[in-house]
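Written below as structure tokens is the structure these notes are about.
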Amino acid sequence: MYPGVQLSQENIAESIKRIRNDYCSGTTRDTVNSFLPQPAGPRTAHIRVPEPLNVGALMTTTSVEAMVEDLRTRMQMTLDQINADLAASGNVIYYPNPFVNGGNQ
């Protein structure tokens, strides 16, 4: 399911939730657990805003598709920067993926 060499806590929690939903059923608790998400651990929101896109100025010279692609690129760059900052701080926990080359990479 996850082709990467490493799994995050979220990847593992998602897999456990899917297994639980597939094989644990019948009780009220199982029903509630299938609808209410349970976090794998404490949460911290890392929020950044990409550079704004001046749609009014671009409407006459740029296609909608190009503006959407520009916005997507700006958003992806912001997400990549957040991930790089988190990786540099060491606050993200990863585990080897046992299903990719035996998890030995």
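The values are calculated or read from the model by the stated rules, or taken from the named source; none is laboratory data. Computed from a predicted model, the values in this text were never measured in an experiment. Cβ atoms come from the backbone with ideal geometry, glycine included; neighbour counts cover every protein chain shown.
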**Study point:** VAL92 vs. criteria within 18 Å of ASN11 (Cα to Cα), in contact with a Gly (Cβ under 8 Å, 6 or more places away or on another chain) and β-branched (Val, Ile, Thr)
**Key:** no
Review point. If you check ALA45 against the conditions, is it at pLDDT 80 or above and loosely packed, with under 10 Cβ neighbours inside 10 Å?
Key: yes
Exercise for review: Counting only residues that are under 28 Å from GLN76 (Cα atoms) and not basic (Lys, Arg), give me the helices (runs of 4 or more DSSP H) lying completely in region 1-65 with at least 2 of them.
Suggested key: 9-23, 55-58
Point to revise | Residue among LEU71, LEU86 that alone is surrounded by 13 or more Cβ atoms within 10 Å (Cβ to Cβ), part of a helix (DSSP H, G or I) and either modelled with pLDDT under 90 or in contact with a strand residue (DSSP E or B) (Cβ under 8 Å, 6 or more places away or on another chain) (or both) | key: LEU86
